[in-house]
Every structure is written in structure tokens, then in C-alpha cells.
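Each remark here refers to the structure printed beneath this line.
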Amino acid sequence: MSRPCALLAWALLALFGLGAAQNKETPACCGPIVPRSEWGARPSECSQPLTQPVRYVVISHTAGSNCDTPASCRQQAQNVQHYHASTRRWCDVAYNFLIGEDGLVYEGRGWNIKGDHTGPTWNPISIGITFMGNYMERVPPARAIRAAQSLMACGVAKGALRPDYEIKGHRDVQNTLSPGDQLYAIIQNWPHYRE
Amino acid sequence: MMLWGLLWTLFFSGLQAAAQSKEEKYVLQEGETLTVDCPSNMKYAYNRKAWQRLRNGEEPQTLAVTERSQGTLNQIQVGRYLLRDDPPESMFQVRMINLQVEDSGLYRCVVYFPPPKEPVLLFHPVRLVVTADPSTKRTSDKNSTPKLAPTTIRPTTLPTTKTLRTFYTSSRTVVQSLPMPTAVIPPNTTVNHTDAIRLSVFSIVAPVACGILIKSLVFTVLFVVTQRSFGL
């Protein structure tokens, strides 16, 4: 066997070792997140922190309108916040993050503040990520799915999420149709999903 | 090529099994209360939930199980075990009060199905370690036969009733004075200490052995490849 082959074998085995050590997580550099100031968010009045690292992620849908451009998604994020803060009288938009069909992640309450996306049991122990739209009969575009997965990998990289975090569908933990039949079917195939 | 395949299989199978069955360790002192929150699923709202003890080489022992569920919050106390199933919130909570050193071991929350259907694991297996309270003076009580009997033979007493009331509000609390043949040990029998030791050794030896096996295979392959490259 020649020298180059031996070197290649060493390199491959080293890589496999690294891969196994990282538990098969793709090395994550955090992707862009549209900050509150950019999408025109009103100030948050929330103060309850989340204990990190968080063990659970709850995926939901807003069941409202979808949007597929940065301009329309900016507006939609404002609409959702307005509904939650003014009508529902919550301290802020309920979700920690919102995903638009433009493929962008919109900062909600973020990694550090408890959301109001589920219920009293799950809000303190999970990050709530919502897809803006209704996914009973439609699926989000691939770029939206990618944005959500990249966001969660980012959470792990930052230490906000445990490396062994578990994903739940909103309907797994509350009596609701959210995140919609189509999106629910998709997340059930995600590596971190656990029923 | 065969060796590559073998290596791949070893890596993957190890990682897969590790995910769910990874133990959650809880270390507490004697007399303290263990609280475990086991997330459930809405689809199990009407299923019964149970708390089981796992002993090496034995069938899982069901220590307590909830009553037939109406899909609403229901609680039950069986001896030192308090079960609180909250189906609308999808959370099953287990408490073990007045912990004893002998409680140390492996446990799990499950969705309970009538046999022969296998139970469904909730959360992760719980590795409980109860340390002796250094401040209590042990006199003739502590001899070669550890006594579980004095604490478990009184299933109707609730030493922490006050604490119970502060945690549970408007819910139906049922106190069962069940005869628990598996948990109550008559004073005359000796408890086999080696079971607990064997279990903890096994849970350390197995992952270590796996690790050594994988590493030795990797080194063997590397060794062979290097030797060949030097024309030996």
C-alpha cells in the first residue's frame, strides 16, 4: 500500500473520530437573524428568564397569513406581535423566534426570555419556534425549513440549547392543531424530534 | 473494505442506542425528596403512567401506577411514591419522599400498557444516588441487615402532608394503602446489597468496554495501514 493511501486513511479516521465526538452535529456558525429593531418590534415588557441550556424546542405555526419576502414578513412579524401584545395582553410576541417563508429567522423573545407559546408547564422549559403561516394543507418552503434547523444548531453552539435537545410539535404538548398536519409530518423526521 | 464497514456499524449503533437510554443522574441525601418531571405526549393523555425500578438481570418492577385516566389532572400516592399526571399539560411528575440509601439505583417513567404490550419510556432512565446523612448518629439500627421495613410498612402515613398541600392545589389526591408485596420487605429477610453494586458496576463497565473495543479496532486498522505503507 502506498504512502498517500496511508495518509488518507489517517485523515479519514481522524475526521470520523471528530464527527463521532461531536455527536454528528454539523459545526454551526450562527446564521443571520433579523433583529427586533429591524422588523419594527415594539419594546418587550417581558422579564422572566429561561434557565439555560434549554432541553426542549416546541415547533408551532401561527395559523395566520404567510409571507415570502423580507418586506411582507417584516410586516407579518409586526402583526403577530400586535395581536399578542395588544389583544392577548402578553408582555411581547409569544414566540422566541419566528420563521418566514422568505427563509429568514425573526428574533422574538430570543434565547434568554421565557415565551408564552405553549402553556405554564412547557414555556419555562422550552424554546418556541413558530412558522409564520398555516401548514395544515401546505408545507413551508425548503429555505424556511433550513432556517429553522440552522437556528437550532446555532442555539446549541451558543449553549442556549443542550446538545441533546429534543423537538416537540406543539400538538404533542398541548391540545391544538399547531403546527399543522403538513409541517408536523416534516418535523417528525428531524433528527432531534422525540414523540 | 470489510474493516471500514465494521467500523461504521460500530460507530452508528453505539450512538443510536446512547440517545434515549442515556441516564439522568440525581444525587440526593437521605430524607430528601426526589422530583422527576417526565414529559409526556398528548397522545398518551388517557394512558396510565408508571414509575418503575430497573435491576440488573430482572424484570422492571412497577413501584406505582396511576389510575385509569379521564384525561385530566390526576394524582396518586403509593407509600413513598407520589405520581402526578397532568395530561392537558403533557407532564408526568414523580416524587419519592424520605429517600433512603437503599433507594439508590436505576428507575424510569413509563406509559403503562397491559401486558404483553411493552411500556413506552418517558424522559430518560433516572440514576438515583442517595448519600447517607453524615449528621445522623447511627446506633444499633445500622447493622449488617439494612432495614427498609420500618419506613415502608406504614403506607398510610404521610410524613410530609403539609408540603404536599402546598404543591398540589385543586386536584383529586388519592391515598392508597396498597399492600405492596414487592416493595415491603419483612424485617427478617436480608437485603441483597450486591444487587445495587452489581448494577452500578455494570453501568460503568459496559460503556467503558464499548469505548475500549472501538478504540482498539481503530488502532489496529491504523497500525496495519501504517505497516503496509512502510513496506513491512
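Some notes on this structure:
- Being out of contact with any Cys (no Cβ under 6 Å at 6 or more places or on another chain) and in contact (Cβ under 8 Å) with a residue 24 or more places away in the chain is a property that B:PHE113 has.
- Against the criterion of being touching a residue at least 40 places away in the same chain (Cβ under 8 Å) and in a strand (DSSP E or B), A:TYR106 qualifies.
- Candidate set: the stretch A:123-146, residues that are among the small types (Gly, Ala, Ser) and either under 12 Å from the mean Cα position of the chain (by Cα) or outside any helix (DSSP H, G or I) (or both); chosen: the one nearest to the other protein chains (Cβ to nearest Cβ): A:SER126
- Scanning the stretch A:92-133 for residues that are of a type in the set (Val, Ile, Thr) and farther than 18 Å from A:GLN76 by Cβ yields a count of 5.
- Selection of the stretch B:47-75 for residues being among the aliphatic types (A, V, I, L, M) and away from chain A (no Cβ under 14 Å) yields B:ALA50, B:LEU54, B:LEU63, B:ALA64, B:VAL65.
- Just one of (1) free of Cβ contacts under 8 Å to residues at least 60 places away in the same chain; (2) within 17 Å of the chain's Cα centre (by Cα); (3) under 23 Å from A:ARG171 (Cα atoms) fails for A:PHE97. It is (1).
- Which listed residue is under 22 Å from A:GLN149 (Cα atoms), within 14 Å of chain B (Cβ to nearest Cβ) and either touching a residue at least 24 places away in the same chain (Cβ under 8 Å) or crowded, with 17+ Cβ neighbours inside 10 Å (or both), from A:VAL34, A:VAL57: A:VAL57
- Those residues of the stretch B:76-108 which are within 14 Å of chain A (Cβ to nearest Cβ) and touching a residue at least 60 places away in the same chain (Cβ under 8 Å), in sequence order: B:ARG84
- Positions within the stretch A:105-134 being over 15 Å from A:VAL58 (Cα atoms) and surrounded by 24 or more Cβ atoms within 10 Å (Cβ to Cβ), in sequence order: A:TYR106, A:GLY133
- Pairs with Cβ under 7 Å, 6+ apart, first in the stretch B:212-229 and within 9 Å of another protein chain (Cβ to nearest Cβ), second of a type in the set (D, E, K, R) and exposed (fewer than 15 other Cβ atoms within 10 Å of the Cβ): B:SER229/A:ARG3
- Residue ID - farthest from the other protein chains (Cβ to nearest Cβ), chosen from residues in the stretch A:147-181 that are polar (S, T, N, Q) and in a helix (DSSP H, G or I): A:SER150
- A:LEU13 vs. criteria surrounded by 17 or more Cβ atoms within 10 Å (Cβ to Cβ), over 24 Å from A:MET132 (Cβ atoms) and either modelled with pLDDT under 95 or in contact with a strand residue (DSSP E or B) (Cβ under 6 Å, 6 or more places away or on another chain) (or both): yes
- Residue list for the stretch B:198-232, filter: closer than 30 Å to B:ARG127 by Cβ, at pLDDT 65 or above, out of contact with any Phe, Trp or Tyr (no Cβ under 9 Å at 6 or more places or on another chain) and of a type in the set (Val, Ile, Thr): B:VAL208, B:ILE212
A quick yes/no check of all residues on (1) surrounded by fewer than 22 Cβ atoms within 10 Å (Cβ to Cβ); (2) touching a Ser or Thr at 6+ places or on another chain (Cβ under 6 Å); (3) at pLDDT below 95:
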{"site": "B:VAL65", "(1), (2), (3)": "yes, no, no"}
{"site": "B:SER69", "(1), (2), (3)": "yes, no, yes"}
{"site": "B:GLN77", "(1), (2), (3)": "no, no, no"}
{"site": "B:LEU82", "(1), (2), (3)": "no, no, no"}
{"site": "B:PRO88", "(1), (2), (3)": "yes, no, no"}
{"site": "B:GLU102", "(1), (2), (3)": "yes, no, no"}
{"site": "B:GLY105", "(1), (2), (3)": "yes, no, no"}
{"site": "B:TYR112", "(1), (2), (3)": "yes, no, no"}
{"site": "B:PRO119", "(1), (2), (3)": "yes, no, no"}
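The values are calculated or read from the model by the stated rules, or taken from the named source; none is laboratory data. Quick caveat, the model's predicted, so the values are computed rather than measured. A quick note on method: Cβ atoms are made from the backbone with ideal geometry, for glycine too, and the neighbour counts reach across all protein chains shown.
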